């Protein structure tokens, strides 16, 4: 059995010391990997990342993360990444990592992703430079995700995002803001190369379960949605 714990949107601030660690006690008994789906900090400050790194110190399993929009807010995302990686937390953006679990290999490709919307209500890279930049950013990150995911050679492949690739897991959020919560381009990238699971956060009032048009399961693990410290996903190793 391959067990993967995941949560997003923990929003750790400089005053959050001691809040997260007790909720993660015993995680190593429940899971073999821990995935963090972005919005790790409140305002994207390295000082906040230091608090998070300390809270995760005793997790006891490989921990892999992507950043979210909050982690970019102070334009110090490189500093946030540096702090986390110095603490042994792998931060992915258009890259992948493979971890061995009980003789099986699990590959995780990660990207923040970005917005743009979904079929019937999506933005296009036409018109003003601002619109071209908005959609162009999503296209760039979706392309990097596709290449990273497609390059994985493992028994299981997981796409780790912050923004959603499907509208399914946004049910509960106002439709007017769906374009700022994710993009169909991310789902297309996943479907072109395949995966066993997509994990994302960001949609605090969204829904847990969805799927890409190609049938890949999508799970929203934003902390307000799952209502617990983390969600655990299990893969039968015999079928891997």
Exercise for the section: Would you be able to tell me the number of residues in region 161-187 that are out of contact with any helix residue (DSSP H, G or I) (no Cβ under 7 Å at 6 or more places or on another chain) and under 14 Å from residue 146 (Cα atoms)? Expected result: 2
Handout entry: Filtered residue count, region 64-90, keeping only those that are in contact with a helix residue (DSSP H, G or I) (Cβ under 9 Å, 6 or more places away or on another chain) and closer than 11 Å to residue 36 by Cβ
Key = 6
Completion exercise
Picking from 106, 51, the residue that is in contact (Cβ under 8 Å) with a residue 24 or more places away in the chain and either assigned to a strand (DSSP E or B) or under 23 Å from residue 156 (Cβ atoms) (or both) would be 106
Fill in the blank from the handout: Pairs returned, first residue in region 133-145 that is farther than 17 Å from residue 67 by Cα, second residue that is surrounded by 14 or more Cβ atoms within 10 Å (Cβ to Cβ) and modelled with pLDDT under 95, beta-carbon separation under 9 angstrom, 6 or more apart or interchain, are 133/125; 134/123; 134/125; 135/122; 135/123; 135/125; 136/125; 139/125
Exercise for the section: Tell me, please, whether a residue that is crowded, with 23+ Cβ neighbours inside 10 Å and assigned to a helix (DSSP H, G or I) can be found in region 74-86. Expected result: yes
Exercise for the section: Evaluate region 133-154: report whether one residue or more is in contact with a helix residue (DSSP H, G or I) (Cβ under 8 Å, 6 or more places away or on another chain), part of a loop (DSSP other than H, G, I, E, B) and surrounded by 17 or more Cβ atoms within 10 Å (Cβ to Cβ). Expected result: no
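The values are calculated or read from the model by the stated rules, or taken from the named source; none is laboratory data. On a predicted model such as this, the values are computed, not experimentally measured, just so you know. Don't worry about glycine lacking a Cβ; one is built from the backbone with ideal geometry, like all the others, and counts go over all protein chains shown.
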